[in-house]
Amino acid sequence: MPAPATHALPRVSHWPAMLDLAQSLSGLLLALFMWFHMCFVSAILLSEDAAWIVARFFEGYFVFGRALPWLVSVFVALISSLLAVHALLALRKFPADWAQYRAIAAHSDRTRHGDTLLWLVQVATGFAMFFLAPVHLYTMMTRPELIGPFESADRVWSGFYWPLYLILLFMVEIHGGVGLYRLALKWGWLPARNTRDGRRRLALAKWALTAFFLILGLASLGAYMKLGHSHAPLAGEPYVPSWLRAEPAR
Amino acid sequence: MSRTLSISIFRHNPRDPASAPRMETHELAEAPGMTLFIALNRLRESVAPDLSFDFVCRAGVCGSCAMVINGRPGLACRTLTAALPERISLHPLPGFALIADLSVDTGTWMRELAERLETWVHLAAEPDLDLLEAPLSPGLAEEIHELDRCIECGCCIAACGTAQMRPGFVGAVGLNKIARFRLDPADSRDDADHYELIGNDQGIFGCMSLMGCEDLCPKELPLQAQLAWLRRGMARQGLRGIFDKKDKK
Ligand code: HEM
Ligand code: SF4
Ligand code: SF4
Ligand code: FES
């Protein structure tokens, strides 16, 4: 009788490792992106012209000589996909049923343990971003040409987006800060030889960065609200940078 | 000034149909140098003769006296009442089968873990007893010994939010053991073998870095460092898995 055809089956799946890496990598990229994003947004604190330059820069204005807003749409689509991947992977970690929810809540309550509480904060802020982030991403993706000092200010004030941005700011900064802290612990990138010192320094750095970006974010949002308020009667009028404005009629 | 302690103890015997879970509070005069082990014995000698709790070594070596002390797991024999407020609450360790009152069965759990993770040295060949053992550098011996100090008390399981939520999770005690054998040159297993044991969400990738184990292990084992070390190694092994598969085709 001929020997049956056989082929070896894999002993284990490499997927758990891949998913864990993807979770961390997507979180890291998102957190770094959010920091750059905040720096760009805060251009409004310098001047309206600076905000205009940043907005046109991302539309390739200074490369192609004209604005190509779809470049922004493509980039937003990429960030949205990254967010989707990250959120999908994060779902694996959410308490999945009443028993699990009960177990982690009772556990956190009982032990009053700082880092466990921070994780619950991450779950809660992540959950909030499920709903809040898409609103922002959709507008940016579909109306990329409406990014600019007056255009954004009008959206923030007359379009009543500021409450969304205010909540998102806190959710992102807290979630990202805690996420980076846990990332460092998880993979063992500590700024000291022993865990205790390393963790203390990491926690300090985390709070300092979170505070810095919260203040920068609040200041930028405040500036947009103020501008949007004063520009409200002319809402919808696009911004023209100072050097392109026609000389006032003599 | 000596204090009067108010000790609330979880009471229940699941084998007694008449027993219902309840908290019992007793007053006890604090004595100098009193540990929870002494306090519990005093209560058992006086007001609560049927109180169940476990002790063997009274010196933080056997791991049998772990319980939840004011919400946090710890060894009763190593906990001075002077370090606690006047009101003390004691609960059995969560995550293990309750025997009665403060006594839980960590033994069965730890045995299942040991069988599941094969936490013993896997020798490449039968040792030749007439030959000298292969030498081990003092530094490495020290490192292995450091991890061997785990007393299987179960505090890291009670301290871990992941283990509390997901009972199949091997926890820091299990992962620390793999780290111990991964260090040991006498163990012939490589990372492909380790990955089979802990390369999943019940193993290293389930750990959410909540650090309860690191903060509450009564033996102060360097658990965060072991978990990160294993995570890096197992992630690398997982990546390797992709390429190996292509090789075999
Ligand atoms: C829909 C939105 C989001 C959800 C549902 C979400 C959810 C989560 C959850 C539950 C975790 C914990 C995962 C774990 O314990 O292993 C996590 C980790 C993390 N998140 Fe998010 N998140 C979202 C958006 C973001 C954003 C916008 C950022 C960037 C600021 C971010 C950065 C991070 C980082 C750096 C980590 C740590 C990664 C790790 O532990 O491997 N997340 N996220
Ligand atoms: S690692 Fe620490 S807490 Fe966990 S069982 Fe061992 S000694 Fe106990
Ligand atoms: S780091 Fe946290 S999740 Fe990981 S084993 Fe320790 S307590 Fe559990
Ligand atoms: S009685 Fe042995 S550790 Fe407490």
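The values are calculated or read from the model by the stated rules, or taken from the named source; none is laboratory data. Keep in mind that this is a model prediction, so the values were computed, not measured. With ideal geometry, Cβ positions are generated from the backbone for all residues, glycine too; neighbour counts draw on all protein chains shown. Please note that ligands, DNA and RNA were not included when accessible areas were found on the heavy atoms of the full protein model with its side chains. Shrake-Rupley method; radii C 1.70, N 1.55, O 1.52, S 1.80 Å.
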Tally, over the stretch B:193-202, of residues that are facing chain A (nearest Cβ under 10 Å), closer than 30 Å to B:A125 by Cα, in contact with a Lys or Arg (Cβ under 8 Å, 6 or more places away or on another chain) and surrounded by fewer than 23 Cβ atoms within 10 Å (Cβ to Cβ): 1
Single match in A:Y101, A:Y161, A:Y138 (criterion: more than 16 Å from ligand 3 (Cβ to nearest atom), at pLDDT 95 or above and either touching a helix residue (DSSP H, G or I) at 6+ places or on another chain (Cβ under 8 Å) or open to solvent by less than 60 Å² (accessible area, probe 1.4 Å) (or both)): A:Y161
Scope the stretch B:53-74; condition away from ligand 3 (no atom under 16 Å from the Cβ), of a type in the set (A, V, I, L, M) and under 20 Å from B:T25 (Cα atoms); matching residues: B:M67, B:I69
Only listed residue being open to solvent by 10 Å² or more (accessible area, probe 1.4 Å), closer than 26 Å to B:V68 by Cβ and within 15 Å of ligand 3 (Cβ to nearest atom), chosen from B:L216, B:L221: B:L216
Cβ pairs under 9 Å, 6+ apart, first in the stretch A:98-114 and more than 7 Å from chain B (Cβ to nearest Cβ) and among the aromatic types (F, W, Y), second assigned to a helix (DSSP H, G or I) and open to solvent by less than 30 Å² (accessible area, probe 1.4 Å): A:Y101/B:M165
The one condition in (1) out of contact with any Gly (no Cβ under 7 Å at 6 or more places or on another chain); (2) within 16 Å of ligand 1 (Cβ to nearest atom); (3) under 18 Å from A:G188 (Cβ atoms) that B:N200 fails to fulfil: (3)
Subset of the stretch B:146-166 [open to solvent by 10 Å² or more (accessible area, probe 1.4 Å) and away from ligand 1 (no atom under 16 Å from the Cβ)]: B:E146, B:D148, B:R149, B:C150, B:I151, B:E152, B:C153, B:C156
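Being closer than 17 Å to B:P94 by Cβ, within 16 Å of ligand 1 (Cβ to nearest atom), out of contact with any strand residue (DSSP E or B) (no Cβ under 9 Å at 6 or more places or on another chain) and not charged (D, E, K, R): is that true of B:F169 here?
Criteria met by B:F169.
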Among the residues listed as A:R92, A:R66, the single one being touching a residue at least 24 places away in the same chain (Cβ under 8 Å) and either in contact with an Asp or Glu (Cβ under 9 Å, 6 or more places away or on another chain) or away from chain B (no Cβ under 14 Å) (or both): A:R92
Qualifying strands (runs of 3 or more DSSP E) (wholly inside the stretch B:1-112; at least 2 residues being within 14 Å of another protein chain (Cβ to nearest Cβ), under 25 Å from B:T162 (Cα atoms) and among the β-branched types (V, I, T)): B:66-69
From B:F205, B:F181, residue being farther than 23 Å from B:L75 by Cα, open to solvent by less than 30 Å² (accessible area, probe 1.4 Å), within 16 Å of ligand 2 (Cβ to nearest atom) and in a helix (DSSP H, G or I): B:F181
Cβ pairs under 7 Å, 6+ apart, first in the stretch B:151-168 and more than 9 Å from chain A (Cβ to nearest Cβ), second charged (D, E, K, R): B:I151/B:K219
Within the stretch A:120-152, considering residues that are of a type in the set (S, T, N, Q) and touching a residue at least 40 places away in the same chain (Cβ under 8 Å), the one nearest to A:Y239 (Cα to Cα): A:S152
